[in-house]
1. Hey, any idea what Rg/Rh is for region 1-122, computing Rh the Kirkwood way over Cα pairs?
2. When the solvent-accessible surface of protein heavy atoms is calculated with a 1.4 angstrom probe, in what order do SER138, SER192 fall, highest first?
3. Find how much the distance from PHE24 to ALA200 grows on full extension, using 0.36 nm per residue of separation minus their present alpha carbon separation; answer in nm with one decimal.
4. Heavy-atom accessible area of ASP11 with all protein chains present, probe 1.4 Å, nearest 10 Å²?
5. Tally up the carbon and sulfur contribution to the accessible surface of region 1-151 as a whole percent, 1.4 Å probe, everything protein left in place.
Amino acid sequence: RRRPATSALEDPTGIAQAFAFVTFVPQNFWLLIVFAPNWKVTRQVFEPLWPLCIVALFHLFIVVASAGKPPEAGTAPIELFNNLFNPVVVGERGIDVYLELGTYKNFAAEEWTHELVWDLFVGRWIWLEGRRRDIFTSHSVLLTNLIGPPGLLLHVLTVQLYALFRPEPGARWADPEALRTEMEVQRAALASNAAAEAEAAADPPQSLQLPGLKLPEFKNPFRS
């Protein structure tokens, strides 16, 4: 008699459970940053980094739980994985190698959750970038959730389009870290100037006052 199939969530290794968590739980974050990007709850939940770190920990669990297991347990042989970085093999049958790797369930679980975590990371970055620049990002975030990198390209295009109607320098596309550093330097310079002006106003220069000195009287030797 055929044994009934067990539920994926009954996986004793925990990999299937972690796979389901990373697949479904982050969709709530996507809903928030796509449909309610400026909502107070969205900012409270997803501006901190810890929600993304929790999702990343589940992916790390899959990696650790899969490591060192034999192919019979669903982990792809390391030799097969190395073929993906062999230019000769990739040139001849690179996609076939990847398809073969996908037949191992632990590899499939790791790759899928790997992609989901990075997509979420980029989507969150686009959302934060849009808030800093005060531009619309829902379309870019949604596209990032659906097919990944094109969402980032759409965000770059959106920034450029906004810059056509905004003369201020912050509207142009620039590397966020470089722009942030530039702004921090400017703020530091302004703060230093303001502090110097405040100090000068609080301590006006005192007029030079010499203590009273009495010079000795000298007798003129040419007078009698």
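1. On the way: Rg = 17.7 Å, Rh = 16.4 Å.
Checking Rg against Rh, the ratio lands at 1.08.
2. Values: SER138 15, SER192 70 Å².
Listed by decreasing accessible area, they come as SER192, SER138.
3. Values: separation 176, 0.36 × 176 = 63.36 nm, distance 6.00 nm.
Roughly 57.4 nm would be gained on extension.
4. Here the residue's solvent-accessible area equals roughly 30 Å².
5. On the way: 6090 of 9140 Å².
Ligands and nucleic acids excluded, carbon and sulfur give 67 percent.
The values are calculated or read from the model by the stated rules, or taken from the named source; none is laboratory data. Computed from a prediction, not measured in an experiment: that's the story for all the values here. Please note that ligands, DNA and RNA were not included when accessible areas were found on the heavy atoms of the full protein model with its side chains. Shrake-Rupley method; radii C 1.70, N 1.55, O 1.52, S 1.80 Å.
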